[in-house]
Amino acid sequence: MAKKLWGGRFKKEMHPALKCFSYSLAADKELFQAEILVNRAWARMLAKTGIITGAEAREIVRGLAAVEKDFEGRDLFAYASRYEDIHTLIQSELEKRAGKVAKKLHTGRSRNDLVVTSTRIYLREKISVICYEIRRLQRALVSAADRAADLIIPGMTHLRKAQPVLLAHHLLAYVEMTEEDTMRFRDALKRVNVLPIGSAALAGSALPIDQKFLAKELGFAKISGNSMTAVSDRGFLAEFLAGLSILWMHLSRLAEDFILWNSEAFGYVELDDAFATGSSLMPQKKNPDVFELVRGRAGTIFGYLQAILTVQKGLPLSYNRDLQEDKPGVFDAVNKTTIALEILALTVGSVTWHKKAIARAVADDTLFATDILEYLVRKKVPFSEAHAAVGEAVRYAADSARSLRELSLKEWKNFSPRIGADVYDLFDPKASLCGKQTVGSTHPVRVRQQLEFWKKSL
Ligand code: ARG
């Protein structure tokens, strides 16, 4: 049985049920790499400040390298019932390899400041992985937008046909949303990249711990200004999970759009066989499970945000074991996010568009009602008068089961005498797009500029 880091005060072994209940290696095994880094820097710092000798530090560092080599790539889950946590595993395995000197490694620190240091290093690394994967998805969206070229779809509000937009414009909307997500993560990094170790259990250390050296060795931009914040605040994890939740909110909308476009009702998009799934009963089915899983998993991620907030709510300072509950959700959220971004990039990157279905959907004259309204406003008809006139024309055409362009000029003039023969030029999706003048509109030139901008900056 592996030794605990705290056995001295106790006469009895821990009850197996409590081990089962409290051990955390099954989750914090994710911190293995980060913890090795921290330990190495810590050993060097102890030597630099004269707490241990240079020779002792070298032995410890060598031992850590051996532990790292022996355990790298191994599933530490197999050790989950033997060791209390990742700190205990590394300490015990180091003692096996480096002998007595290993007992000096934990000098001047507590698992309270150690675990959160490793967590911050882990998160720093994962944030950059997530930003990289967001970029991959953005590139896939940009190339899908590029391939969609001049395809025009009915833009929707209230899931009802509204106005023509470029399909590329719709896809690029998600590039912009996820770019904001990346900015949020980059900003959150400032709160993540603060060195907590040296805070010891809660009050700081009476030993000459060199935090400046540690911050430099471990790449931290700042040292925590308050040891109690350092060991007990997980605001940086709440912020990360909030950013992640917003990202997943965006991903779930992207997923939903593709689910709709893939439905028979829309029929715009064909999924690559490699990224679709079938039914065990209905032989004809080809389902968009990738997108449904993304939509569904967003709920799990939101749950983790709720959990990290609730774990800390009303928690007295400083460290409490409650804080161990901070990690499983973060680890699972990180893993779910990286794979989801990867699969979305692959799936979106491999779709093909059903041009005929898209053309059928956009062949609907009501999509031009706003263009006619703006045409009348340009002819100096007051806005609400023009709005009423076009609305009446739409109803009149619907009542007589005709499309708007089937109304004669004489009929049109009944709704507004300012309407001229040039109104018929408006029944053209391209004309509708080209009429747009504002920044960020769906005008083809604007969309092309956006596309080029993203191609260059991604
Ligand atoms: N496993 C703990 C955590 O994740 C760290 C260990 C601190 N344990 C303690 N009894 N002070 O927060």
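The values are calculated or read from the model by the stated rules, or taken from the named source; none is laboratory data. Source: prediction; values computed, not measured. For neighbour counting, all protein chains shown are included, and Cβ atoms are generated from backbone atoms with ideal geometry for every residue, glycine included.
Things to note:
- Residue check for Thr49: more than 21 Å from Lys327 (Cβ to Cβ), away from the ligand (no atom under 15 Å from the Cβ), touching a residue at least 60 places away in the same chain (Cβ under 8 Å) and polar (S, T, N, Q): yes
- Output for the stretch 95-119, where each listed residue is closer than 16 Å to Lys29 by Cα and either of a type in the set (Gly, Ala, Ser) or in contact with a Leu (Cβ under 9 Å, 6 or more places away or on another chain) (or both): Arg111, Val115, Val116, Thr117, Ser118, Thr119
- One residue stands out among those in the stretch 261-299 that are hydrophobic (A, V, I, L, M, F, W, C) and over 25 Å from Ser245 (Cα atoms): the one that is surrounded by the fewest Cβ atoms within 10 Å (Cβ to Cβ), which is Leu281.
- Scanning the stretch 227-242 for residues that are within 15 Å of Thr117 (Cβ to Cβ) and not small (Gly, Ala, Ser) gives Thr229, Val231, Asp233, Arg234, Phe236, Leu237.
- The lone exception for Thr88 - which of (1) over 28 Å from the mean Cα position of the chain (by Cα); (2) in a strand (DSSP E or B) it fails: (2)
- Selection from the stretch 407-458 of residues that are of a type in the set (Val, Ile, Thr), assigned to a helix (DSSP H, G or I) and surrounded by 15 or more Cβ atoms within 10 Å (Cβ to Cβ): Val423, Val447
- Qualifying residue in the stretch 55-72 (condition: modelled with pLDDT under 95 and in a loop (DSSP other than H, G, I, E, B)): yes
- Looking across the stretch 99-119 at every residue that is crowded, with 22+ Cβ neighbours inside 10 Å and more than 13 Å from the ligand (Cβ to nearest atom), the one that is farthest from Ile36 (Cα to Cα) is identified as Ala102.
- Flag if Phe240 is over 26 Å from Asp181 (Cα atoms) and of a type in the set (Phe, Trp, Tyr): no
Yes or no, residue by residue, for (1) over 22 Å from the mean Cα position of the chain (by Cα); (2) modelled with pLDDT of 95 or more; (3) within 27 Å of Thr119 (Cβ to Cβ):
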residue: Arg297; (1), (2), (3): no, yes, yes
residue: Gly314; (1), (2), (3): yes, yes, yes
residue: Glu325; (1), (2), (3): no, yes, yes
residue: Leu346; (1), (2), (3): no, yes, no
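- Total residues in the stretch 316-327 satisfying the condition of being assigned to a loop (DSSP other than H, G, I, E, B), within 12 Å of the ligand (Cβ to nearest atom) and either out of contact with any Ser or Thr (no Cβ under 7 Å at 6 or more places or on another chain) or among the aromatic types (Phe, Trp, Tyr) (or both): the figure is 2.
- Matching entry among Val294, Val330 (being part of a helix (DSSP H, G or I), out of contact with any His (no Cβ under 6 Å at 6 or more places or on another chain) and within 16 Å of the ligand (Cβ to nearest atom)): Val330
- Checking Lys29 against (1) without any contact (Cβ under 8 Å) to a residue 12 or more places away in the chain; (2) basic (Lys, Arg); (3) assigned to a helix (DSSP H, G or I), the condition it does not meet: (1)
- Count - residues of the stretch 1-13 that are out of contact with any Ser or Thr (no Cβ under 8 Å at 6 or more places or on another chain) and away from the ligand (no atom under 12 Å from the Cβ): 8
- Residues located in the stretch 386-402, provided they are of a type outside the set (Lys, Arg) and surrounded by fewer than 14 Cβ atoms within 10 Å (Cβ to Cβ): Gly391, Glu392, Ala398, Asp399, Ser400, Ala401
- Annotation note: of Tyr174, Tyr79, Tyr122, the sole residue that is in contact with a Leu (Cβ under 7 Å, 6 or more places away or on another chain), more than 16 Å from the ligand (Cβ to nearest atom) and of a type in the set (Phe, Trp, Tyr) is Tyr174.
- Checking each residue in the stretch 195-231 for being in contact (Cβ under 8 Å) with a residue 40 or more places away in the chain, among the aliphatic types (A, V, I, L, M) and surrounded by 20 or more Cβ atoms within 10 Å (Cβ to Cβ) picks out Leu195, Ile197, Ala200, Ile209, Leu214, Leu218, Ala230, Val231.
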